[in-house]
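Engineer: So that we are looking at the same thing, I have put the structure below in structure tokens.
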Amino acid sequence: MTDSNTPRDPAKEIARLTEELRQLREDVDSSYYRIPKQEFENITVRNITHDVTEHINSKLAKIRNWLGGGLLVFSFLGITQVSKILELETQKLASNLNSELDERMDFELANINQEIVHQTKQSELNQAEFKVFLQQELSRIEEQINSKAVLVERKQVDLEDKMTNLFADVELAQSSIYRAELASIRDDLKKSYQEYKPARRQALDRLTPLLARVTRLQDTTLANEYLDELFRWTFQLGEYEKLDQYRVKYEENFEFNPTTWANIAIADMFLYEESGSPIYLQRALDANNKALQRLPSYGVPQAVRLILHAIEIERAPSEELKTRQLNQAEALLHQLNSGSNLITVYEAYDYLKQLESDHVASKYISKLQEYFNSSVATLEQGYTDYLISRGELPAAGEGSF
């Protein structure tokens, strides 16, 4: 037997295994946080067990081989008891080696487990401290952001206020310019030596391009003034269909004065008389009501209502409907004549007098005289009384219808 086959000292083997376990602990320190705790422990125990078992089996195999050779020699020399002694010693040595290795491995594993627990607690403590630090930093950053946001918001509000004031100043200047332009158009219309319709056509040509800009301003009073003139001059030109279009376009967003609504009612009245469409009749009645809602004492809408009754009387398809219209017209005349407000009577009768020159409306005025002669005469007297009260007629004067 050579020295290379001589089994090594078990104490040295234990020392070598201890060194391997030490290196394994160092690997634990550097590798623990890359592998989940439970999985790491399972892997560690499995690796240690495998290495120790493999090493022991290897050493035992060498010892068995060495002992086997020795037994063969002793048997050859006739020594038979040595094999049993050696076998018993071998078993004892293996048992002691296994026991010592088990104890050593348990000790090292306990140390490793204790180190793992320590590292875990330290990691949790570090994480908790980092979490507190992170929360503090987030709170500080959030506070800075909020401070800057408040500052930005204040600057934005200040800028909006300045812009609002600037826009208000610009709009005020624009309103002044457009109001002056409207006054200029009115003055030129009064001074015009042109005929009635051409003068109003010229006024509309100046007014219309400005209207789109004026209606975009916040100055609704100025916009309503422009619209009143638009409706008045369009009405005076007899362009009733265009007047109806303007109503649809501007009615929702702007407030018309009573005169504008009365002009719309008159335009729809003539369109109804011409076409016979009940749509125009309903529009005329609606405009008439809106004029009276804004100025209940306004007499022109009352005169328009009388003309509409006269048209309906002429076109009634049955005696029943004709009688109903007659009764309604008579009730309206009675209401006008029994009222104490002479200006209402004056405005109603004055407009009827103006319509006498219209070849379409004049025939319906004649029908009113035919059906309600006494009531119309009373209305004329109220008109005369109003002129006398204003000193425009002498007390003894009388007008004729």
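The values are calculated or read from the model by the stated rules, or taken from the named source; none is laboratory data. Not measured: the values here are computed from a predicted model. Every residue, glycine among them, receives a Cβ derived from its backbone with ideal geometry; neighbour counts consider all protein chains shown.
Engineer: Return the only residue of Glu229, Glu239, Glu251 being more than 41 Å from the chain's Cα centre (by Cα), farther than 27 Å from Gln328 by Cα and of a type outside the set (A, V, I, L, M).
Structural biologist: None of the others qualify; the one that does is Glu239.
Engineer: Which of the following residues is surrounded by 20 or more Cβ atoms within 10 Å (Cβ to Cβ), in a helix (DSSP H, G or I) and within 55 Å of the chain's Cα centre (by Cα): Leu352, Leu368?
Structural biologist: After applying the criteria, what remains is Leu352.
Engineer: Between a first residue in the range 172-191 that is more than 13 Å from Ala223 (Cβ to Cβ) and a second residue that is surrounded by 13 or more Cβ atoms within 10 Å (Cβ to Cβ) and of a type in the set (A, V, I, L, M), which pairs have beta carbons less than 7 Å apart while being 6 or more apart in sequence or on different chains?
Structural biologist: Once the first residue is more than 13 Å from Ala223 (Cβ to Cβ) and sits in the range 172-191, its partners that are surrounded by 13 or more Cβ atoms within 10 Å (Cβ to Cβ) and of a type in the set (A, V, I, L, M) give Glu181/Leu210; Ile185/Ala203; Ile185/Leu207; Leu189/Ala199; Leu189/Ala203.
Engineer: Need pairs with beta-carbon distance below 7 Å; first residue closer than 17 Å to Arg294 by Cβ and in contact (Cβ under 8 Å) with a residue 40 or more places away in the chain and within the range 258-284, second outside any helix (DSSP H, G or I) and of a type in the set (Ser, Thr, Tyr); sequence gap 6+ or separate chains.
Structural biologist: Close Cβ pairs satisfying both conditions: Pro258/Tyr298; Ala262/Tyr298.
Engineer: Also, I was wondering about something else. For Ser147, indicate whether it is modelled with pLDDT under 80 and within 30 Å of Leu217 (Cβ to Cβ).
Structural biologist: No: the conditions fail for Ser147.
Engineer: Of all residues in the range 169-219, which are exposed (fewer than 14 other Cβ atoms within 10 Å of the Cβ), in a helix (DSSP H, G or I) and hydroxyl-bearing (Ser, Thr, Tyr)?
Structural biologist: The answer is Ser176, Ser184, Tyr196, Thr208.
Engineer: If you scan the range 327-341, which residues turn out to be surrounded by 16 or more Cβ atoms within 10 Å (Cβ to Cβ) and within 15 Å of Tyr383 (Cβ to Cβ)?
Structural biologist: Leu333, Leu336, Asn337
Engineer: Go through (1) more than 21 Å from Gln282 (Cβ to Cβ); (2) in contact (Cβ under 8 Å) with a residue 24 or more places away in the chain and name the single condition Glu370 misses.
Structural biologist: (2)
Engineer: Given the residues Gln135, Gln114, which is the only one that is under 27 Å from Gln23 (Cβ atoms), at pLDDT 75 or above and not hydrophobic (A, V, I, L, M, F, W, C)?
Structural biologist: Testing whether each residue is under 27 Å from Gln23 (Cβ atoms), at pLDDT 75 or above and not hydrophobic (A, V, I, L, M, F, W, C) leaves just Gln114.
Engineer: Right, something else. Does the range 329-355 hold any residues that are of a type in the set (A, V, I, L, M) and in contact with a Leu (Cβ under 8 Å, 6 or more places away or on another chain), and which are they?
Structural biologist: Ala329, Leu332, Leu333, Leu336, Val345, Ala348, Leu352
Engineer: Select, from Ser338, Ser318, Ser357, the only residue that is within 17 Å of Met269 (Cα to Cα) and either over 60 Å from the mean Cα position of the chain (by Cα) or at pLDDT below 95 (or both).
Structural biologist: Within the list Ser338, Ser318, Ser357, the selection yields Ser357.
Engineer: In the range 248-268, what count of residues is obtained for those that are in contact with an Asp or Glu (Cβ under 9 Å, 6 or more places away or on another chain), assigned to a helix (DSSP H, G or I) and farther than 23 Å from Tyr364 by Cβ?
Structural biologist: Residues in the range 248-268 being in contact with an Asp or Glu (Cβ under 9 Å, 6 or more places away or on another chain), assigned to a helix (DSSP H, G or I) and farther than 23 Å from Tyr364 by Cβ: 1 in total.
Engineer: Answer with yes or no whether Glu195 is at pLDDT below 90 and of a type in the set (Asp, Glu).
Structural biologist: It is true that Glu195 is at pLDDT below 90 and of a type in the set (Asp, Glu).
Engineer: Are any of the residues in the range 374-382 at pLDDT below 95, farther than 19 Å from Leu336 by Cβ and part of a helix (DSSP H, G or I)?
Structural biologist: no
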